[in-house]
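What follows is one structure encoded as structure tokens, with my remarks underneath.
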Amino acid sequence: MENVLLKAENLRAYYKLEKVSVKAVDGLSFEIYEDEVVGVVGESGCGKTTLSNVIFMNMVKPLTLVGGKIFLKVNGSFEEISALSRDEVKEKFWGKEMTIIPQSAMNALMPTIKMERYVQHLAESHGLDARELIDKTLQRFKEVGLETSWLKRYPFELSGGMRQRAVIAVSTILNPSLLVADEPTSALDVVNQKVFLKVLMSLKRRGIVKSIILITHDIATVRQIADRMIIMYAGKIVELSPIDELLEKPLHPYTEGLLNSVLTPEPEVKKRGIVTIPGAPPNLIDPPSGCRFHPRCPHMMDVCKEKEPPLVEIEPGRRVACFLYAGERT
Amino acid sequence: MASRSAVKYILRRLIFLFITYVVATTIVFILPRAIPGNPLSQILSNLSRVAQSNPEAIRAAEKNLMEEFGLGKPWYLQYVEFIGKALKGDLGTSITYYPRKVMDLIVPVIPWTLVLILPATIVAWILGNSLGALAAYRRNTWIDKGVLTGSLVVSQIPYYWLGMIFIFFFGVKLGWLPVQGAYSQGTIPDLSWAFFMDALKHYILPFLSIVVSAMGGWAIGMRLMVIYELGSDYANFSEYIGMKDKRIFRYVFRNSLLPQVTGLALSLGSVLGGALITEIVFNYPGTGYLLFKALTTLDYPLIQGVFVILIASVYLANFIVDFVYALIDPRIRIGQEE
């Protein structure tokens with residue numbers, strides 16, 4: 001527990017509609033350690049973005065925290081942020097302890113004022129000296145590979161990749177310990193993706209941010225920088241594992257399916273080509289009984305339809321929720 | 001480079017404006033002539049009352065008048081003559097108010113219209129946008145529901161009905177304010193304090209009725225814009241990095257207001273003719289009332305005259321909007337330079 005930065009216990013967050021609930025995050029438990037990059041991977045609609053909202057306690061109706069706890073380490077002690085209201089978490093931690101690079105980072109900066117003024121306003125909001133914060137931003141601009149004179153420009157004068165780096169510079173300006181990047185690379189070309197990942201890693205190396213959660217559906221990107229991976233399916237974690245072991249030997253059939261659906265440079269993958277997972281993710285209003293993946297699973301057994309497999313540790317640091325490994329449990 | 005492309009842009013706009021202006025004035029020239037009826041009938045019936053016994057004299061008078069207004073000539077010759085005179089600033093002679101010049105009829109009523117509708121439009125814009133933004137910011141509270149329902153109702157009420165309700169309630173029932181005209185009948189407009197107060201009293205009802213009826217539309221539009229902008233990426237991101245709510249709302253307000261400015265400029269352009277119904281309902285001596293008179297008596301030269309000025313003011317507003325927008329929105333200003 002000593003080097004844990006964020007801890008989630010049995011998190012459940014539903015979109016509560018009038019008659020039904022969309023169970024987008026349903027019983028997640030995990031922890032993020034200090035100084036690591038965790039990739040959260042899954043198909044569209046599996047609850048990844050909801051998870052990022054939950055981590056920030058960004059509960060905007062109809063999203064409601066139904067159960068579970070989140071702890072964030074702040075100045076060496078744990079704060080139970082799930083016990084606070086959205087406004088309290090926002091006031092105390094957003095921008096200071098935790099920050100985000102949003103899904104559409106290209107449009108994330110206020111479009112009709114110059115970036116320098118935006119930073120001034122940010123300083124005002126946090127009660128900081130504007131001059132100092134601007135100097136800091138200039139420094140950060142250099143670090144992410146932007147020219148400092150661009151701070152005096154409007155966001156739309158920069159290209160998409162540059163704008164995204166400007167967003168990184170601004171969002172990490174107060175040295176938050178946790179950075180959540182939500183689908184940050186999906187709108188970028190391959191070259192800019194590479195630059196972006198480099199910038200992320202250099203922020204971590206310099207200790208500007210401690211840990212990064214990278215939410216994406218793109219395994220090819222996340223494998224380049226992640227230390228561990230969380231594989232999500234239909235609002236649940238199906239596998240949690242260090243990256244190398246996961247790539248070498250995926251345990252959950254869904255993880256295997258995901259990996260097989262990506263082209264990677266390994267020769268056997270080239271030979272095999274792309275294999276897709278048949279079917280589509282389930283409707284989260286009324287998810288399948290038992291294991292939520294069973295209707296699409298090639299190894300489906302009778303027990304999968306009736307009982308829900310628990311997420312259990314079967315190797316040090318490797319957890320999987322699948323009855324295939326029930327026998328290996330001690 | 002930048003200035004050259006700007007000049008090119010302005011030139012292109014001007015040429016386009018000129019062409020559309022010619023087309024519009026042509027339509028305005030042709031349409032009244034397509035309405036069945038004889039514009040001279042009113043003058044002639046007045047004449048016949050005077051010279052009842054002499055039909056010969058009336059026929060002679062009709063011939064004279066036809067010649068004077070050029071109505072006997074083929075329409076294209078009339079058109080050429082109209083354009084030629086208009087370019088020299090002569091819009092011809094009114095038929096209804098014969099022998100007064102069209103220019104002399106229009107120019108004195110323009111200030112009345114401007115004084116009434118310009119402030120009313122601007123006040124409605126300011127109030128409507130403020131209310132709409134407030135409703136969006138307090139979404140789903142009773143304020144929002146009140147503003148939205150009120151705006152929907154008010155903006156859907158036919159204006160003439162709203163005007164008459166105002167007259168009935170404040171003018172007739174309560175007797176607080178005069179029910180018609182721009183000043184008391186029998187007074188002669190001058191610069192005295194007494195006349196000013198008299199005009200002000202007459203001013204309140206038409207002014208309020210315009211503000212109330214126009215406000216709803218602005219409020220509905222602004223509310224939607226603000227709700228949309230509140231959910232935009234920059235608003236969300238600003239929140240995530242700890243920007244104060246007040247500041248985010250100012251961003252949102254600013255960006256939502258940009259399209260509303262265009263709307264305002266356009267409605268200011270149509271000010272000269274836009275209050276036709278107001279001026280009819282309140283019997284207010286403005287350009288709208290004059291146009292109404294001209295239309296009901298088929299006064300070709302007067303109709304043409306009013307429209308020539310009206311269309312010009314709409315086009316001018318359109319032209320200015322482009323530049324105003326470039327001034328207030330850096331995305332357009334700088335985007336065009338590059």
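Of all residues in segment A:54-72, how many are crowded, with 20+ Cβ neighbours inside 10 Å and free of Cβ contacts under 8 Å to residues at least 60 places away in the same chain?
Residues that pass the stated criteria total 2.
Would you check which residues across segment A:86-127 are touching a residue at least 12 places away in the same chain (Cβ under 8 Å) and over 22 Å from the mean Cα position of the chain (by Cα) and list them?
If the condition is that a residue be touching a residue at least 12 places away in the same chain (Cβ under 8 Å) and over 22 Å from the mean Cα position of the chain (by Cα), then A:M110, A:P111, A:T112, A:I113, A:K114, A:M115, A:E116, A:Y118, A:V119, A:Q120, A:L122, A:H126 are the ones that fit.
For a quick check of your reading of the model, give me the residue pairs whose first member lies in segment A:73-85 and is surrounded by fewer than 17 Cβ atoms within 10 Å (Cβ to Cβ), whose second is part of a helix (DSSP H, G or I), with beta-carbon atoms closer than 8 Å and at least 6 apart or on different chains.
A:V74/A:F93; A:L84/A:K92
Can you pull out every residue in segment B:289-300 that is assigned to a helix (DSSP H, G or I) and farther than 14 Å from B:L31 by Cβ?
Once the filter is applied, which keeps residues that are assigned to a helix (DSSP H, G or I) and farther than 14 Å from B:L31 by Cβ, segment B:289-300 yields B:Y289, B:L290, B:F292, B:K293, B:T296.
Only residues that are at pLDDT 90 or above and of a type in the set (V, I, T): list them for segment A:159-192, please.
A:V167, A:I168, A:V170, A:T172, A:I173, A:V180, listed by residue number.
If B:L224 satisfies every condition in (1) within 21 Å of B:F282 (Cα to Cα); (2) surrounded by fewer than 19 Cβ atoms within 10 Å (Cβ to Cβ); (3) modelled with pLDDT of 85 or more but one, which is the exception?
For B:L224, the exception is condition (1).
Quick check on B:L118: is it within 30 Å of B:R254 (Cα to Cα) and surrounded by 14 or more Cβ atoms within 10 Å (Cβ to Cβ)?
No, not satisfied.
So, A:K249, is that one among the basic types (K, R) and either farther than 20 Å from A:C46 by Cα or surrounded by fewer than 17 Cβ atoms within 10 Å (Cβ to Cβ) (or both) or not?
Taking the combined requirement at face value, the residue satisfies it.
What do you reckon, is B:I83 farther than 26 Å from B:I280 by Cβ and not assigned by TED's automatic domain parsing to the domain that holds B:V281?
Yes: the conditions hold for B:I83.
Restricting attention to segment A:91-106, report how many residues are within 7 Å of another protein chain (Cβ to nearest Cβ) and surrounded by fewer than 20 Cβ atoms within 10 Å (Cβ to Cβ).
Within segment A:91-106, residues that are within 7 Å of another protein chain (Cβ to nearest Cβ) and surrounded by fewer than 20 Cβ atoms within 10 Å (Cβ to Cβ) number 2.
Of all residues being buried (at least 18 other Cβ atoms within 10 Å of the Cβ) and of a type in the set (S, T, Y) in segment B:263-287, which is nearest to B:Y325 (Cα to Cα)? Just the residue, please.
B:S267
What is the one condition in (1) in a helix (DSSP H, G or I); (2) outside the structural domain of B:V226 (by TED's automatic domain parsing) that B:K73 does not satisfy?
Tallying (1) in a helix (DSSP H, G or I); (2) outside the structural domain of B:V226 (by TED's automatic domain parsing), B:K73 fails exactly one: (1).
Out of the residues in segment B:135-152 that are over 28 Å from the mean Cα position of the chain (by Cα) and free of Cβ contacts under 8 Å to residues at least 24 places away in the same chain, which is nearest to B:M215 (Cα to Cα)?
Only one residue fits best here, namely B:G146.
For segment B:230-252, which positions are touching a residue at least 24 places away in the same chain (Cβ under 8 Å) and within 10 Å of chain A (Cβ to nearest Cβ)?
Matches in segment B:230-252: B:V252 only.
Of the residues that make up segment A:150-163, is at least one of a type outside the set (D, E), buried (at least 21 other Cβ atoms within 10 Å of the Cβ), closer than 14 Å to B:M243 by Cα and within 11 Å of another protein chain (Cβ to nearest Cβ)?
No: zero hits.
Going through A:I81, A:I134, A:I113 one at a time, which residue ends up being within 12 Å of another protein chain (Cβ to nearest Cβ) and β-branched (V, I, T)?
Unique residue meeting the criteria: A:I113.
Considering only segment A:201-248, state which residues are under 19 Å from A:D35 (Cβ atoms) and of a type in the set (S, T, N, Q).
Once the filter is applied, which keeps residues that are under 19 Å from A:D35 (Cβ atoms) and of a type in the set (S, T, N, Q), segment A:201-248 yields A:S202, A:S211, A:Q224, A:S241.
Of these, A:D302, A:D227, which one is of a type in the set (D, E, K, R) and over 25 Å from A:P176 (Cα atoms)?
Answer to the check: A:D302.
The values are calculated or read from the model by the stated rules, or taken from the named source; none is laboratory data. None of the values given here were measured: they were computed from a predicted structure. In this analysis, Cβ positions are derived from the backbone assuming ideal geometry, glycine residues included, and neighbour counts consider all displayed protein chains.
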